[in-house]
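*Asks:* Quick one: structure below, then a few questions.
The values are calculated or read from the model by the stated rules, or taken from the named source; none is laboratory data. Since we're looking at a predicted model, the values are computed, not measured. With ideal geometry, Cβ positions are generated from the backbone for all residues, glycine too; neighbour counts draw on all protein chains shown. The area values use the complete protein model at the heavy-atom level, side chains included, leaving out ligands, DNA and RNA. Shrake-Rupley method; radii C 1.70, N 1.55, O 1.52, S 1.80 Å.
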Amino acid sequence: MLNFIENLAKEAGIMAQNQRKHLSSAGIHFKNERDIVTDVDRQVENFIKTKIAESFPDHAILAEESGVSKEHDSEFLWIIDPIDGTTSFVHDMPIYSVSIGLHRNGKPYAGVIYAPRLGELYSAELGKGATLNGTPIHVSTRDSLVNCLAETGFACLRAGLKENNLKHFCRIAPQLRGIRRDGSAALDMAFVAAGRVDFFWEMFLQPYDIAAGEIIVQEAGGRITDFQGGNDYPLGHGIVVSNGIIHDRVLEQLALD
């Protein structure tokens, strides 16, 4: 199963990279004032869905642009973000990815994140660990905020939501060695899994943003909760992804008024 997902993510990533060369303003559409989708997003999503349906016709699929493709119950649910980081993709920045997660009986089972411009393939299957380009990866061991590099995002601002991440950012950023905002939640989680980044937090993400990253982080030894330390993520109370060691310190900061 994992080999199938890896090959599919690679093919989809190559398609996205090639189609980017032909992207014009006519192929860029607005979901709202700042949130965009391209014809390439839709083409890549359709390609992934078609390949899954051909090989696993009884499986359900949840995709960012087209929603749920099957209404009947299925043991397996594929959760797809064809291009996570569409803004970076449109602006010809390299930080975007294809994210394909697979749930079995409602729980993370396998996931692959492929960043074609970076040449990086992050993979995991339940109980088998996580890898980057076939090499095992593990979360970091840093245990103090001052030594940490963090990632965050601002989907809340792009959506124009009244509640946003700025208050948390302004409180946490001065306490860290550094902070990054790369624009792909899937890669933010992958970077935590690889030990490059010590933690990541964000508000108002969607299941397709985190489905592949969730199993990759878990298999790399990391921890994932909502802002209250529970499991109501990503829609309920935000999401915190960390090496586990620093996790409670991050939650303390997020809990401050």
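*Asks:* Identify the residue in the range 227-240 that is open to solvent by less than 20 Å² (accessible area, probe 1.4 Å) and in a loop (DSSP other than H, G, I, E, B) and, among all such residues, is farthest from Asp84 (Cα to Cα).
*Replies:* So the residue we want is Gly238.
*Asks:* Next question. Of the residues Ser88, Ser74, only one is polar (S, T, N, Q) and either on the phi > 0 side of the Ramachandran plot or not in a helix (DSSP H, G or I) (or both); which?
*Replies:* Numbers: Ser88 fails: either on the phi > 0 side of the Ramachandran plot or not in a helix (DSSP H, G or I) (or both).
Residue meeting the stated conditions: Ser74.
*Asks:* Quick check on my filter: what residues within the range 172-226 are without any contact (Cβ under 8 Å) to a residue 40 or more places away in the chain, under 19 Å from Leu126 (Cα atoms) and open to solvent by 40 Å² or more (accessible area, probe 1.4 Å)?
*Replies:* Within the range 172-226, Arg223 is the sole residue that qualifies.
*Asks:* Then there's this: Which residue, of Phe30, Phe56, is farther than 25 Å from Met189 by Cα and modelled with pLDDT under 90?
*Replies:* Matching residue, one of Phe30, Phe56: Phe30.
*Asks:* Among the candidates Gly213, Gly238, Gly222, Gly244, single out the residue that is touching a strand residue (DSSP E or B) at 6+ places or on another chain (Cβ under 7 Å) and at pLDDT below 95.
*Replies:* Testing whether each residue is touching a strand residue (DSSP E or B) at 6+ places or on another chain (Cβ under 7 Å) and at pLDDT below 95 leaves just Gly238.
*Asks:* Collect the residues in the range 51-69 that are surrounded by 15 or more Cβ atoms within 10 Å (Cβ to Cβ) and within 23 Å of the chain's Cα centre (by Cα), keeping them in residue-number order. Outline the logic, then answer.
*Replies:* Of all residues in the range 51-69, those surrounded by 15 or more Cβ atoms within 10 Å (Cβ to Cβ) come to 51-53, 56, 59-65, 69.
Lys51, Ile52, Ala53, His59, Ala60, Ile61, Leu62, Ala63, Glu64, Glu65, Ser69 - these are the residues of the range 51-69 that are surrounded by 15 or more Cβ atoms within 10 Å (Cβ to Cβ) and within 23 Å of the chain's Cα centre (by Cα).
*Asks:* Taking the range 10-67 only, how many residues are touching a Pro at 6+ places or on another chain (Cβ under 8 Å) and either assigned to a strand (DSSP E or B) or on the phi > 0 side of the Ramachandran plot (or both)?
*Replies:* 2
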